[in-house]
Amino acid sequence: MVLRSIFAGLLALFSTAAYSQSLPDLGGRTISVVTENAYPPLQFVDPKTGSAIGWEYDAMNEIAKRLNFKPDYQNISWDAMIQAVSDGQYDIGMTGITIKDDRKEKVDFSDPYMRSEQFMLVRGDETRFNDAKTFAAFQDGLVGAQAGTTPFYTAVYSVLDGNEQNPRIKLFETFGASVQALKTGDVDMVLTDGTAGQGYVDASDGGLKLVGGPLGSEDFGFIFKRGSDLVGQINQAIAALKADGTLDRLNRKWFLDYKIGE
């Protein structure tokens, strides 16, 4: 068993070294990276320090280190991000962006760096419904979402009646604003991926909870202007981070160990 463990460790070490040696060198160039800073724990503003932090920042900083470039972080609202990257205003976009065929018509995606599942986020004292079926039957129930996002389409097609103009859907500019509306009672449910939703639950001191089972899975990727030379290079770095366990360590740090607001 000891020899097997040593062999496995050496194999992982050699694999990591091989990936590192094969990665391209971008020569220290500056690359603009735009995000929303409203999707904890992927990227958000630390309430204690006011600094932008999160899983995606750590991952992108590690990618930048390995590819030898300087990330220039910028902030933009979600509803403007895809078009801005498509127009070449920024080199890379990141904010837990689901890889979807219709979005591929405007931007190129990296390989997936994370898979997530959609859950219902509600107030901690919610008892009127406990899954998608009972929420749909609760005619007074309102759901908060951002237009054009995966949670919006999940609400429309997996929870409600398929009508994108359904008055039970209240639109917000940011995900954080929809969660705030949930806390104040302006909406009754917000759809979120399980990891980000759990971050809000952990920080709520019982004020929020996730209910029901997953409503489908989605893969997240970074976005680029169509034809960008960065796509293949970033993909190589993502593969290296997967191979040497870096992504697993980030998952543990941000989804298990980190508590928002502590």
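Every number here is computed from the coordinates shown, using simple stated rules; none is lab data. Keep in mind that this is a model prediction, so the values were computed, not measured. Cβ placement follows ideal geometry from the backbone for every residue including glycine, while neighbour counts extend to all protein chains displayed.
Could you name the aspartates and glutamates in cross-link range of Lys48, using Cα to Cα under 20 Å and dropping any fewer than eight places away on the same chain?
Hits, sequence-local ones excluded: Glu36, Glu56, Asp58, Asp202, Asp205, Asp257, Glu262.
Which aspartates and glutamates have a Cα lying under 17 Å from the Cα of Lys133, excluding residues fewer than 8 positions away in the same chain?
Within the straight-line cut-off, Lys133 pairs with Asp161, Asp188.
Could you tell me how far the Cα centroid of the range 147-208 sits from the Cα centroid of the range 44-91, in Å?
With the range 44-91 and the range 147-208 each reduced to a Cα centre, they are spaced 23 Å.
With 19 Å as the limit, write out which pairs from Lys70/Lys106; Lys183/Lys209; Lys65/Lys100; Lys65/Lys242; Lys106/Lys170 have Cα-Cα distances beyond it, or answer none.
Listed pairs above 19 Å: Lys70/Lys106; Lys65/Lys100; Lys106/Lys170.
Take the chain, connect every pair of alpha-carbon atoms lying under 10 Å apart with a spring to form a Gaussian network, then pick out the residue of Gln74, Gln233, Gln165 with the largest mean-square fluctuation.
Gln165
With each pseudo-label sitting 7 Å past Cα toward Cβ, what's the Ala136-Ser32 distance in nm, one decimal?
The answer from the label model is 4.3 nm.
So if each residue of separation counts as 0.36 nm, and I subtract the Cα-Cα distance between Asp248 and Lys106, what length gain in nm does that give?
48.1 nm
Please list the non-local residues whose amide H lies under 5 Å from the amide H of Met114, H modeled 1.01 Å from N, same-chain partners needing a gap of 5 or more.
When sequence neighbours closer than 5 places are left aside, the close amide H contacts are Phe220.
By counting other Cβ atoms within 10 Å of each Cβ, how are Thr95, Thr184, Thr195 ranked from fewest to most? The partial results should precede the final answer.
Numbers: Thr95 25, Thr184 9, Thr195 22.
In order of increasing Cβ crowding within 10 Å: Thr184, Thr195, Thr95.
How tilted is helix 230-243 with respect to the longest principal axis of the chain? Cα atoms for both, answer in degrees (0 to 90, nearest 10).
Between the helix axis and the principal axis of the chain, the angle is about 90 degrees.
Share of antiparallel DSSP beta bridges in the chain, in percent to the nearest 5?
60
Using the number of other C-beta atoms within 10 angstrom as an exposure proxy, rank Glu126, Glu117, Glu105, Glu56 with the fewest first. Don't skip to the answer; put the middle values down first.
Numbers: Glu126 18, Glu117 15, Glu105 9, Glu56 27.
So the residues, fewest neighbours to most, are Glu105, Glu117, Glu126, Glu56.
Please list, ordered by chain and number, the residues whose modelled amide H lies under 5 Å from the amide H of Tyr73; skip anything fewer than 5 residues away on the same chain.
Those qualifying (amide H under 5 Å, at least 5 residues apart or on another chain) are Val33.
What are the ³J(HN,Hα) values, in whole Hz, obtained from phi via the Karplus relation 6.51 cos²θ - 1.76 cosθ + 1.60 with θ = phi - 60°, for each residue of the range 77-83 in sequence order, with x given for Gly and Pro?
Each residue's phi maps through the Karplus curve to give 6, 4, 5, 9, 5, 4, 5 Hz.
With a sphere of radius 10 Å drawn around the Cβ of Lys106, what net charge do the other residues whose Cβ falls strictly inside it have (Lys, Arg +1; Asp, Glu -1)?
Here the charged neighbours net out to 0.
Using a simple charge model, +1 on the beta-carbon of Lys and Arg, -1 on the beta-carbon of Asp and Glu, nothing else, what dipole does the chain show about its Cα centre, in debye to the nearest 20?
520
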